[in-house]
Structures are given as structure tokens and as C-alpha cells.
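Nothing in this text is a laboratory measurement; each read-out follows from the coordinates by a stated rule. A quick note: this is a predicted structure, and the numbers were derived from the prediction, not measured. Virtual Cβ from ideal backbone geometry, glycine too; neighbours counted across all protein chains shown.
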Amino acid sequence: MNNAIFSFGRPQNEPIQQYLKGSPERAALEQELKKMSSEEIEIPLIIGGKEIKTGNIATVVMPHNHKKVLARYHQAGEKEIEMAIEAALEAKKKWEDMPWIERATITLKAAELLAKKYRYVINAATMLGQSKNIFQAEIDSACEAIDFLRYNAHFASEVYKDQPGTFPGQINKMEYRPLEGFVFSLSPFNFTAIASNLNMIPVLMGNVTLWKPSSTAILSNYYMMKVFKEAGLPDGVINFVPGKGSVLGKVITNHRALAGIHFTGSTATFNTLWKNVAENMEKYIGYPKLVGETGGKDFVFAHNSACPSALATALVAGAFEYQGQKCSAASRAYIPKSIWGDVKKIMLEHIAKIKIGDVQDFDNFMNAVIDEASFDNIMSYINYAKDSKEAEIITGGNGDKSVGYFIEPTIILTTNPHFKSMQEEIFGPVLTVYVYDDNKFEETMEICNTTSPYGLTGAIFCNDKYITLEMFNKLRYAAGNFYINDKPTGAMVGLQPFGGGRASGTNDKAGSYLNLIRWTNPRAIKENFLSPTEIIYPYMK
Ligand code: NAD
């Protein structure tokens, strides 16, 4: 009988491996890249632990070399979704009764497998399938995924430990039940760690999921699913169902047992799902919990006390790492005229050093954007700026999709703070800069606060404490992750819990206990030791 009262302490974040020339980790990774890029695997659905092949095939290609097929994967249709829901609900019967410590040991074992046995597999798959350089893959598919798994065991300890008060003659308890039904987890292409976490949090709290991975992140997500299985995850607890989002979404939001949606992706998709749920409200057992982390139009706002060199470095790294395809990427900047000359000069010096190309060439700082639709969309913003009288492209502006979907790091300088690329999420290597008169600091800050519908990340650069406080207060709702003298990307699990408000999502903070609570349906229990036998109060006698 497992009657240990156990609490998982706060873990240390996973150290980032450096992959220096001649290091054993670099050799191991290169070997894995070679193997994976020379094979073409078949990826089935995994429903109730069984591999299902539908014959409805789509391909996984390298975005930086799109003729190269890495895998062919089977897509789920309505029939398979019904099967997956049934398998999940069947698995739920045993899974929700499993002591949470045992569930946590599965997430912790998955973390160990990723840290040691499969680190290079998951990094190579993320590099090749999602076009990340080694550093970007290491901080995502290895470190962040491992951190989520380890920290979540700790956060679960904190949640379960939180119990109601006592009173003489009674005992009170809180049972953190999972949700009544299944959870639909929909993951984006840009972070393997997020895809893992969208499933593993609900599962840790006793839920079962249907996981629809992004069609442009299938390779790494499939290997992740295999890691979960090797870590001991029972059949049917997570059901891996790649397929067309719109088809799957419709069937799932129409199901009576839909208990929650754990989503990360674009605002438009989350809004569609929310509307689908609203239309089906009467059908459900309960109110589905909708947790979505969505788009961003992340700002960097500088005061004239900012250090130009720190600001320029943060802008280049924040805007162009992973080709700007981070929800947190710096995509609009407000710079005072007095320091703009220096900032521009240093930015251009940094950008001149950036090489773009294949992920297997470790000299490349940037790789390809994810697919053709994304390439065309990003180029349409660049071309719009080229044609506008209110904008000028000061570096970059070219793209080439003949071999891979490559776009140069591009800076648009605009005279209009409401210019299209200052307001809309582009999700590519494009930064738009608005230079303001130093004496228009307050009103420009107001423009920054109200220009875009989003509220995800934002950074201020300032070396005056009073002004920093003023900016901090004025921009209170402009960002859920707020940075002072740092780039707006690179949030770490447990250190900068992640999520934003406004059109950027429900702000349920992945990387903290706040997210775990959403996957519970708490039951308060009171047991009375001496039940009353009289209804007349003493004062009535
Ligand atoms: P996306 O919205 O296109 O796709 C997300 C997932 O939803 C995918 O699995 C996709 O197949 C699925 N989907 C698409 N249409 C659907 C529909 N009609 N019904 C059901 N499912 C559907 O997003 P993406 O391109 O994969 O990711 C980029 C977006 O994600 C950006 O907007 C970015 O800002 C956002 N993002 C946000 C965060 C955050 O924490 N806030 C993190 C990463 C990415």
C-alpha cells in the first residue's frame, strides 16, 4: 500500500548544454541529425495505446529544405476521433484513481528520459522538423520540456497540499478531482515543450487527453509521445491524433464529454474554438474549461536613459531568434530620437553577423520559417511596407523559398505608430521601429499601450528608477510577461511563469501552479463527528 505523504521540492532548471566544437554532446547530436535526415519514417495515430493507420497520409518536410521528406503521417478523421474519445474515457476510470504520486513519477521519469536517453533525438527532430538551430532546440525541446515535467510535480504537491481549515468536531478536506470528461489539447508548431506541457499538466492532475499536434511539428511531437509511453503512461491516457484542426475541432467541441480545451496557438483559432463551445453549451456535462495562450504583438519601449548597446542587442535577439516565430518575439519598438542613431548602428552591426541557412550548419543563427503559407504571409507584410510612403526598410526585406523558406532579418522604420506592422502579429523575422521625439515620451507610451489588441510580453529599457516605475504602472495591462532592461523572450519555467491577457489568452501561466488548478474540479468535503439531533437553537429554550 502506498501511504507515503510526499512532497516534491522546487527543482533546479535543467542546465543548457553548449554543443561546443569537439564536445561529446555535439558529436551525439550530429550523429542523430545524420540518421534522422536520411530516413523517412511512418507516423501512425496512437489511440488507446494502439497504432492506427488511416491511409489518409500527409508529409513532414524540412522547412529549410522542403523537398526532403522526414516522415509520412496518418491523419485522423471523424471515426478515429470518436474512437479516441472512447479510449480516453475508458482510460479515465483507472487513471483518475491512481495516487497522484504515481502519476508524478511518470512525468519525472519522462523528464529523465528526455534529459539523458532521448535528448539528442528530441533536439534533432525539433531542429529538422521545425527548423530550429541547436541552441533554440536545446532550450525548447530539451530544457523547457524537462523543466515543465519536473516543476509540475512540485506545483502539484503545492496544489494538493492546500487544504481547508479545521473546526472542533469536524474534519474538512479538499479533493482536487480531475475534470468530468476529457481534455482536448491543441498544440502549436513553434515549441515542442509547449506541446508536451499542454498534455502533461492535465494528465498529472488525473485527466485524459486527445492531443492534436500541429501539422508542422509532427515529428518531434511523435517522439515526445513515445517518451511518455516509455515513462509508463498507460494506454488511452493521451491519445495522439494528428489531423486537420478544423475537422477535429468540430467533432470534439460537439461531444458531451468535452471537459476542457488546453490550447496554445493563434488568437483566431482560439476564438473559433471558443465560439464552437458556446454554440454547443447545452450539450455538455459541465462548463468546459477553456485555457488558451494565443498571439502577441510584443513591444520594446525605450526611454532616453537606456543603454543603446543593451537595447540594440535585445532587439536583435528578441526579434530574430527562431526567425521571430516566438509568441514573445519583439516585433514593435519605440525608440527616442536622441539615442536612435546609436541603436540603429549597433543593430546593423549585429545583423551583419547573422547567417541564415540549414540547421545542420551550426554557424547559422537563423533558419527557415515554418512553411509556405507562413513565408507568403510574412513577405506580404514586407511588401506592404516596401509600397508604403509611411515606411522604409532599413535592413533585409528579401525572401527566397526555392530551397527552404528563408527570409532575411528585416527592420521596417515607420513614421506612423499605427502602421499595419506595428499592430498585427506577423510571426516572422520582422521588427518595426517607431522613433519618437524625446519630449513626447508620455503620449508615445499611451500609443504603445493601446495600439495592438494583444497583451503578451513587453520590455522597457530605462536607467532611471522613477521613470521605470512610471512605465511599469502605465503599461500595467500591456503585457503578462514584463521585462526591465531585457529582451521580451526566453521565459523560463518556474522563474518567469508565462502568459498574457487581452487578446493573448486566458493568462493561466504555464510554468506555475496557476495552470494546474484549471485542470481540477475541486470537491470540498466536511465530515461531522457528532451529527446534531436537535433543530431548536439553545436561545429558543
Ligand atoms: P495555429 O492557431 O495555426 O494552430 C494551433 C493548433 O490549432 C494547431 O494544432 C492547429 O492545427 C490547430 N487548429 C488550427 N485551426 C483549427 C481549428 N479551426 N479548429 C481546431 N484546431 C485548429 O497556431 P500556430 O501557427 O501553430 O502557432 C503560432 C501561433 O501560436 C502564434 O499566434 C503565436 O503567437 C501563438 N503562440 C502563443 C504562445 C503563448 O504562450 N501565448 C506560445 C506559442 C505560440
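Tabulated results
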quantity: Per residue convex hull volume, Cα atoms of the range 120-258, in Å³; calculated: 121 Å³
quantity: 222 nm mean residue ellipticity, helices alone, for the chain (DSSP H n ≥ 4; -39,500 (n - 2.57); rounded to 500); calculated: -11500 deg cm²/dmol
quantity: Under 11 Å, Cβ to Cβ, from Phe482 - net charge with Lys/Arg +1 and Asp/Glu -1; calculated: -1
quantity: Cα gyration tensor shape of the range 1-111, rounded if a/c is under 1.5, else prolate or oblate by comparing a/b with b/c; calculated: oblate
quantity: Förster radius 22 Å - calculated FRET efficiency between Gln170 and Thr533, Cβ distance, rounded to 0.05; calculated: 0.90
quantity: Contact order relative to length of the range 309-448, as percent, for alpha carbon pairs under 8 angstrom and 6 or more apart; calculated: 31 percent
quantity: Karplus-derived 3J(HN,Hα), 6.51/-1.76/1.60, for each residue of the range 117-124, Hz, glycine and proline x; calculated: 5, 10, 4, 7, 5, 5, 5, 5
quantity: Euclidean distance of C-alpha centroids, the range 474-541 and the range 200-230, integer Å; calculated: 25 Å
quantity: Of all DSSP beta bridges in the chain, antiparallel share, percent nearest 5; calculated: 40 percent
quantity: Reciprocal of mean inverse Cα separation for the range 142-222 (Kirkwood radius, Å); calculated: 14.6 Å
quantity: Against the rule of thumb 2.2 N^0.38 Å, how large the Cα Rg of the range 298-484 comes out; calculated: 0.99
quantity: Viscosity 1.306 mPa s, 10 °C: Kirkwood-radius Stokes-Einstein D of the chain over Cα pairs, µm²/s; calculated: 65 µm²/s
quantity: Which of Phe320, Ala302, Pro409, positive extreme of dipole for the range 298-484 (C-beta unit charges); calculated: Ala302
